[in-house]
Amino acid sequence: MKYVKWTLIVLFWLIVGAFLHYTLPQTDIARITGTYEDRIDISDQSWAWAGSPSTTPGVSSERLIFFIQTRRADGDVMVYRNEDTGWGWPPFFKFDTANLQAEAADLVSTAEAPRWVAIRHYGWRNEFISIFPNAVSLRPVDGPDVTLIPWMNIVILLVLAALVWAFYVRWKRFWERRVAPTLDRVF
């Protein structure tokens, strides 16, 4: 029974960690090599796209999605989608897709004359099931070796850790003051 308990605890924290890794913003340094737009049927991977597909019969679940193509300093290629999050989850309240696409098109550079950009995004890239991280913002940086400190992530994780600690302490006190004495009287 001890193995089942620890397996469930580890599984719970893996799910929480995966959720936070997907949702919290990350920043990549890359140079933009191109931008394009494509009409995508999002019904198969609707969880990975902002908003949800239409469930009305006869209404298409296709949307026009902007994409930003990049190349990192190590030569790896990364493609980001550029889609509004609106009022949905995660709460980035992004309503400026067209403006971000114009900024990305303006920052396109070549390998001979690179212009490095910090791309803030959330989500994962999976080539097998065609999901892309969603670009939230862009800003030019001095080079590919710039160090950026994720202050927002640090604050969010500290607040979450404080909430988990506060819940744990209160649960432990409740158990010691209410449940344990009752169990002692019963058994």
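Any read-out appearing in this document is the output of simple, stated calculations on the displayed coordinates, not a laboratory observation. These figures come from a predicted structure and were not determined experimentally. Don't worry about glycine lacking a Cβ; one is built from the backbone with ideal geometry, like all the others, and counts go over all protein chains shown.
Things to note:
- Within straight-line cross-link reach of K94, aspartates and glutamates at Cα separation under 14 Å, skipping those fewer than 8 residues along the same chain: E83, D84
- Scattering profile of the range 91-187 at q = 0.11 Å⁻¹ [log10 I(q)/I(0), Debye over alpha-carbon scatterers]: -0.60
- Förster radius 41 Å - calculated FRET efficiency between K5 and W151, Cβ distance, rounded to 0.05: 0.65
- For the chain, relative contact order (Cα pairs under 8 Å, six or more residues apart, normalised by length) works out to 22 percent.
- In degrees, nearest ten, helix 151-174 long axis to first principal axis of the chain (Cα): 10
- The chain: angle of helix 2-23 to the longest principal axis, Cα-based, in degrees nearest 10: 30
- Zone of R115's modelled label, taken as backbone nitrogen in the range 140-155 under 13 Å from a point 7 Å along Cα→Cβ: 140-142
- From most to least packed by mean Cβ count within 10 Å, the peptides 150-156, 2-8 give 150-156, 2-8.
- Cβ-derived FRET efficiency at R0 25 Å, F19 paired with F174, nearest 0.05: 0.40
- Stretching the chain fully between V164 and D74 yields a gain of 28.6 nm (0.36 nm per residue, less the alpha carbon separation).
- Taking a Cβ cut-off of under 14 Å around V179, the surrounding Lys, Arg, Asp and Glu residues balance to a net charge of +4, with basic ones at +1 and acidic ones at -1.
- Binned Cα-Cα distance frequencies in the chain - 10 Å width, integer %: 8, 27, 28, 17, 11, 6, 3, 0
- Exposed loop sites, defined as GluC sites (Glu not before Pro) outside DSSP H, G, I, E and B with at most 16 other Cβ atoms within 10 Å, are absent from the longest region of the chain, namely 1-111.
- Förster radius 41 Å - calculated FRET efficiency between F187 and W89, Cβ distance, rounded to 0.05: 0.35
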